[in-house]
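Visitor: Once you've had a glance at the structure underneath, I'll fire off some questions.
The values are calculated or read from the model by the stated rules, or taken from the named source; none is laboratory data. All values reported here derive from a predicted model rather than from experimental measurement. Using ideal geometry, Cβ is built from the backbone for each residue, glycine included, and neighbour counts are taken over all protein chains shown. Each accessible area value is taken on the protein alone, full model and side chains, heavy atoms only, with ligands, DNA and RNA left out. Shrake-Rupley method; radii C 1.70, N 1.55, O 1.52, S 1.80 Å.
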Amino acid sequence: MGDAGSEPRLILLCGPPGSGKTTPAKRLAGEIPAVRLCPDEWTADLGVDLFDADVRDRLERRFWEHAQELPALGQNVILEFGFWGRSERDEKRLRARARFSCRAALSGHTGRRIVPSPGGPQQTGAPGTAPVGRELLEEYLRLFQAPGDDELALFDEPLS
């Protein structure tokens, strides 16, 4: 349950692969507490290719539906999707506020800590990880729109 007397929080973790979203997500889930929904871990547990975009899209849509149910029960939710584009983050923030009383928060990771395989965090064998080479990481970084101060100000509780 959320803090006594507070509304549930919806926390969006954004950043490209390897940028360090899972570590703060796990920490926050324990501290707040919150339900953490991470597509990478689910696809790995289900034996699905982490790069299967169709499965990932379907899973993220189902997680979003679930994330809209939990705050009505007083539960905080962490969505660990990556949220690469601002339009996607704006949509989730606005839809969450329109649907239920929820304090939106955003944890932004710019990807500065990304380390490509070999030797990167993607090779640890941890659930939900996959080797990602430098070329693919560079492509992800070109696609990722890091949240700026103007965007962070739109959230009730920006986290770092």
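Visitor: Could you tell me which residue of region 127-160 is modelled with the lowest pLDDT, considering only residues that are open to solvent by less than 40 Å² (accessible area, probe 1.4 Å) and under 30 Å from residue 47 (Cβ atoms)?
Guide: Step by step, filter region 127-160, then rank; the result is 128.
Visitor: While we're here: I'm trying to understand the selection: among the residues of region 18-72, which are of a type in the set (S, T, N, Q), closer than 29 Å to residue 134 by Cβ and either more than 13 Å from the chain's Cα centre (by Cα) or open to solvent by 60 Å² or more (accessible area, probe 1.4 Å) (or both)?
Guide: Selection gives 23, 43.
Visitor: Something else now. Taking residue 75 and the conditions (1) modelled with pLDDT of 90 or more; (2) within 16 Å of residue 155 (Cα to Cα); (3) touching a Gly at 6+ places or on another chain (Cβ under 9 Å), which numbered condition does it fall short on, given that it satisfies the others?
Guide: (2)
Visitor: Suppose the filter is of a type in the set (A, V, I, L, M, F, W, C), open to solvent by less than 30 Å² (accessible area, probe 1.4 Å) and not in a helix (DSSP H, G or I); does residue 12 pass it?
Guide: Against the criterion (of a type in the set (A, V, I, L, M, F, W, C), open to solvent by less than 30 Å² (accessible area, probe 1.4 Å) and not in a helix (DSSP H, G or I)), residue 12 qualifies.
Visitor: Here's another thing I want to ask about it. Out of region 20-42, which residues are closer than 23 Å to residue 95 by Cα, part of a helix (DSSP H, G or I), among the hydrophobic types (A, V, I, L, M, F, W, C) and touching a Leu at 6+ places or on another chain (Cβ under 7 Å)?
Guide: Passing the criteria: only 25.
Visitor: Right, here's the next one. Just to be sure I understand, how many residues within region 43-67 are touching a residue at least 40 places away in the same chain (Cβ under 8 Å) and in a helix (DSSP H, G or I)?
Guide: 4
Visitor: For residues in region 78-94 being farther than 11 Å from residue 13 by Cα and touching a residue at least 12 places away in the same chain (Cβ under 8 Å), which is most open to solvent (accessible area, probe 1.4 Å)?
Guide: 86
Visitor: So, one more: Got a number for residues in region 69-86 being touching a strand residue (DSSP E or B) at 6+ places or on another chain (Cβ under 9 Å), outside any strand (DSSP E or B) and on the phi > 0 side of the Ramachandran plot?
Guide: Residues that pass the stated criteria total 1.
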